[in-house]
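Below is one structure; the comments refer to it alone.
The values are calculated or read from the model by the stated rules, or taken from the named source; none is laboratory data. Since we're looking at a predicted model, the values are computed, not measured. Using ideal geometry, Cβ is built from the backbone for each residue, glycine included, and neighbour counts are taken over all protein chains shown. What goes into the accessible areas is simple: the full protein's heavy atoms, side chains included, and nothing from ligands, DNA or RNA. Shrake-Rupley method; radii C 1.70, N 1.55, O 1.52, S 1.80 Å.
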Amino acid sequence: MGIEKPSDQKRKVNTGYTAIEGTALGMIDWFDNTKGYGIVQSPMFGTVFVHIRSFPERPTVLLQRHQIISFRVETEGNDGRLRARSSRLLEHAKGFAILMSLLGQKCKVTIDRESCCLLTYGTVQLFADQAERIFSNAVCHFYDRNLDDRLFVDFCGYLESIALPLITSEDRDLLEQNLYCHFRENLRAGVLFYTWKAGTFRYIGYTDWMEYEIPEEVIKEYSPYMDDNDRKRVQQYFSYASATGFLQP
């Protein structure tokens with residue numbers, strides 16, 4: 001997961017332009033809807049020129065400052081100016097997976113000396129005035145179908161610190177618990193391991209300060225990703241480790 005890095009391999013897409021592979025997200029700094037062009041600020045690429053013709057499907061709303069768009073980047077001419085292509089306005093719940101490509105990545109840009117978090121603005125853009133179930137379904141679908149297990153803790157950190165505080169419902173706490181219960185009921189070995197490694201058991205509906213003995217086969221499978229502190233925890237708390245000298249160097 002995450003925004004792909006620009007490839008060292010560049011290919012010509014038309015005369016005067018060189019494509020840089022990789023999809024990016026950025027925030028509109030300004031856009032003149034009459035003239036049909038503007039500027040996007042991207043955490044990865046910085047300032048990028050965007051023209052309305054770069055949208056394969058024209059947006060159904062006027063483009064405005066602080067809106068989030070996804071795009072690919074190409075260089076223009078000898079000066080190497082960056083311009084967007086294959087641009088899309090981040091919209092509808094299906095755009096949630098695109099927004100989540102920012103997990104574990106730099107996701108802030110500066111506009112008028114203000115630091116803007118793309119995850120925050122993107123969440124509002126996708127779910128403002130939407131029913132809670134739309135947000136809940138998008139989160140659960142992304143967890144079930146798209147989430148890299150290594151990013152599970154980052155994903156829950158995003159929910160806890162950015163997305164859920166934006167929910168205005170009186171049942172926000174219940175919504176949070178329902179999401180964590182969904183993660184627990186659909187627990188994968190990788191999710192369990194990285195939750196245990198980070199000590200964030202609340203994300204799967206348990207108590208953080210307690211130590212849980214996770215199955216031996218999970219520890220064996222993910223042992224290459226363990227550090228010395230992880231191994232000490234296993235030796236100290238896991239019954240099968242003390243009996244067999246499991247993971248001893």
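Values computed for the structure shown
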| read-out | value |
| --- | --- |
| Residue that is surrounded by the fewest Cβ atoms within 10 Å (Cβ to Cβ), among those in the stretch 111-146 that are of a type in the set (S, T, N, Q) and touching a strand residue (DSSP E or B) at 6+ places or on another chain (Cβ under 7 Å) | S115 |
| Residue satisfying all of: in the stretch 100-130; in a loop (DSSP other than H, G, I, E, B) and among the polar types (S, T, N, Q); farthest from Q64 (Cα to Cα) among these | Q105 |
| Failed criterion for I214 (all others in (1) part of a loop (DSSP other than H, G, I, E, B); (2) open to solvent by 50 Å² or more (accessible area, probe 1.4 Å) hold) | (2) |
| Qualifying residue in the stretch 159-174 (condition: farther than 28 Å from Q64 by Cβ, in contact (Cβ under 8 Å) with a residue 60 or more places away in the chain and of a type in the set (A, V, I, L, M, F, W, C)) | no |
| Positions within the stretch 18-56 being in contact with a Lys or Arg (Cβ under 8 Å, 6 or more places away or on another chain), in a strand (DSSP E or B) and modelled with pLDDT under 95, in sequence order | T18, A19, I20, E21, G22, T23, A24 |
| Conditions (1) over 20 Å from L102 (Cα atoms); (2) modelled with pLDDT of 95 or more: number failed by T168 | (2) |
| Boolean, R231 is surrounded by 13 or more Cβ atoms within 10 Å (Cβ to Cβ), free of Cβ contacts under 8 Å to residues at least 24 places away in the same chain and in a helix (DSSP H, G or I) | yes |
| Candidates F31, F49 - the one that is surrounded by fewer than 18 Cβ atoms within 10 Å (Cβ to Cβ), more than 20 Å from the chain's Cα centre (by Cα) and of a type in the set (A, V, I, L, M, F, W, C) | F49 |
| Matching residues, the stretch 52-68, being under 20 Å from G122 (Cβ atoms) and either open to solvent by 90 Å² or more (accessible area, probe 1.4 Å) or β-branched (V, I, T) (or both) | E57, T60, V61, L62, Q64, R65, I68 |
| Residue count for the stretch 47-93, restricted to those that are over 21 Å from K35 (Cα atoms) and without any contact (Cβ under 8 Å) to a residue 24 or more places away in the chain | 3 |
